[in-house]
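This report refers to the structure that appears directly beneath it.
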Amino acid sequence: MDAVLKHELKRIKSSVRSWGILYIIVAIPLGVPLLRGLATKSWEAALPLFLVAVLGPSSLGRYKQDVKNGLIPGIFALPIEPWDIVRARALLSLTISLAVGALNAFVLWYVGRAVGNGGVSITPAIVAAALAGGVGSALISPSVWIKNVGVKMVSAFAMIVALIGSFLFISPLDATLLAWAISALLLGAGALCSINLKKEGIG
Amino acid sequence: MHAHHARRWSWEGTLMIEYEHVSYTANGQEILREVTLKAEPGECVLLVGPNGSGKSTLLKLGLGLLKPTSGTVRVCGGNPYSSKETRRKIGFIMDSDVLDVLLTGKENLEFFYELYNGSRPESGFINSVLERVGLSEEAGKKAGQYSKGMRKRLEIGRLLLYHPKAVLLDEPFSGLDSGGKELLVDVVRELKNNGAAVVMVSHETEFALGLADRVVLMVGGRTLAHFSPEEFSNAYVVSGEGTENLDGIKLGPKSVIIVSRAGVDEIVSACREKGVALEEVMPLMKAIRREG
């Protein structure tokens, strides 16, 4: 396995072990659609949106921590390119998001059945939602590495939209499309800035 | 002692660290101006100068953290800014630690080993490095829980994981206890003996001069003079009206640098002879410390 990917995995393990706060960060966006679903009995719509929101805040927190500890930008004196880290984080974010998405789809289906919402099932819409959420999270994650304040603002805005959207959007298709749109926007900004990371006056 | 443009150095063999007419500007401010500096295999160059003279920026350029505005920086024949293969040949300690505080000391070294060597370390190797830098008992603790001195020791450990051909050190002694400083001296000497070129910035001249083969004085983003360590130890800043009559390197409108093995008395006599209205004589080392 790639050394940077292994390193990122160890960081996640270490974070999960020591940062109770991480659970809270994940629990809030998980809880929002659950509450919404309980209120409206429309489970699927929230999935892609809250998944977009899941990893953004945790990555942002980690980025800030890394800057504070001097790991950024010093890490780029090592034989590492920004792209190596972006790629590793994106891959891990995607994997985690998909796993969380699949788990969540199952929980929603189970809870929906328990509360008597017979219409809820693991449909293609839910699978699409989980996929969209996974990709969206993966794309947000590298974008928060960026020093550029504008990109951070866009990330923060996207997360807010995602949370509010959890309550507002009904159609799974709309929600999926929105998640993809946010992801595409952040991908563009993130890719552009990560390429220019060294030119932005690091160090 | 050699004024910057007074002597052309003749270099033999491969140049490991090479700055050629390097300038660097940030936010409209010129931090380095036309700096040319070279280090050969096995040579240690000590950079000295007041705060803000551009020493650390020069090292960051060598590490590929910054891109020169003009001129070229080559380390082991490659461009450190654009090539991670070039950076793989560089060892470094920066003023701020480059460690992952979320990982243990041992995990940090394992990560660094794989990055530099492209393979996993042999069983026991990391433990032997940890033992050498005096961190065996703390190997399982997160680097974030380490003291400043322990983190610096871990960074010394990173230098022992591979065979750097160029080494850039920015205030490497800061935060280390006397044992740590001796350890660092041993490690750098070992790297030099193995053919690494070293460029170092340090205010701890007591230790740094023991390693240096050459001392370069930087002032205002330029290299002002080259000294042997012995010359540097005997260099004085002489201030007063008429100092331009003295045979030295001009430092300011009323000050020059003079090397005198005989000490202050000889300088005072020379000033008297040349009609200098002497105001102050101070060892260069002390003058640099005073400037910060």
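The values are calculated or read from the model by the stated rules, or taken from the named source; none is laboratory data. Keep in mind that this is a model prediction, so the values were computed, not measured. Counting neighbours? That spans all protein chains shown, and the Cβs are built from the backbone with ideal geometry, glycine included.
Out of curiosity, is B:R120 out of contact with any Leu (no Cβ under 7 Å at 6 or more places or on another chain), part of a loop (DSSP other than H, G, I, E, B), surrounded by fewer than 24 Cβ atoms within 10 Å (Cβ to Cβ) and more than 8 Å from chain A (Cβ to nearest Cβ)?
It is true that B:R120 is out of contact with any Leu (no Cβ under 7 Å at 6 or more places or on another chain), part of a loop (DSSP other than H, G, I, E, B), surrounded by fewer than 24 Cβ atoms within 10 Å (Cβ to Cβ) and more than 8 Å from chain A (Cβ to nearest Cβ).
Yes/no matrix, rows are residues, columns are (1) in contact with a helix residue (DSSP H, G or I) (Cβ under 6 Å, 6 or more places away or on another chain); (2) more than 7 Å from every other protein chain (Cβ to nearest Cβ):
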position: B:K60; (1), (2): no, no
position: B:T72; (1), (2): no, yes
position: B:V98; (1), (2): yes, no
position: B:E114; (1), (2): yes, no
Residue that is surrounded by the fewest Cβ atoms within 10 Å (Cβ to Cβ) [pool: residues in segment B:93-114 that are without any contact (Cβ under 8 Å) to a residue 12 or more places away in the chain and not in a loop (DSSP other than H, G, I, E, B)]: B:E114
query: Hey, among B:K165, B:K148, which residue is more than 9 Å from chain A (Cβ to nearest Cβ) and in contact with a Cys (Cβ under 6 Å, 6 or more places away or on another chain)?
result: B:K165
- line: Checked segment B:101-110 for anything closer than 20 Å to B:G134 by Cβ and within 7 Å of chain A (Cβ to nearest Cβ); matches are B:V101, B:L103, B:E107
- prompt: Among the numbered criteria (1) over 26 Å from B:G62 (Cβ atoms); (2) within 9 Å of another protein chain (Cβ to nearest Cβ); (3) surrounded by fewer than 20 Cβ atoms within 10 Å (Cβ to Cβ), which single criterion is violated by B:K84?
  reply: (1)
- prompt: Is at least one residue of segment B:51-59 touching a Pro at 6+ places or on another chain (Cβ under 7 Å) and surrounded by fewer than 21 Cβ atoms within 10 Å (Cβ to Cβ)?
  reply: no
Residues being under 22 Å from B:G78 (Cα atoms) and either within 13 Å of chain A (Cβ to nearest Cβ) or in a loop (DSSP other than H, G, I, E, B) (or both) - total across segment B:40-53: 4
statement: Residue hits (segment B:188-199; assigned to a helix (DSSP H, G or I), more than 15 Å from the chain's Cα centre (by Cα) and either crowded, with 20+ Cβ neighbours inside 10 Å or touching a residue at least 60 places away in the same chain (Cβ under 8 Å) (or both)) are B:N193
query: When B:A208 is evaluated against the numbered criteria (1) at positive phi; (2) buried (at least 20 other Cβ atoms within 10 Å of the Cβ), which criterion, by number, is the only one it fails?
result: (1)
field: Checking B:E190 against (1) over 19 Å from B:I126 (Cα atoms); (2) outside the structural domain of B:L115 (by TED's automatic domain parsing), the condition it does not meet
entry: (1)
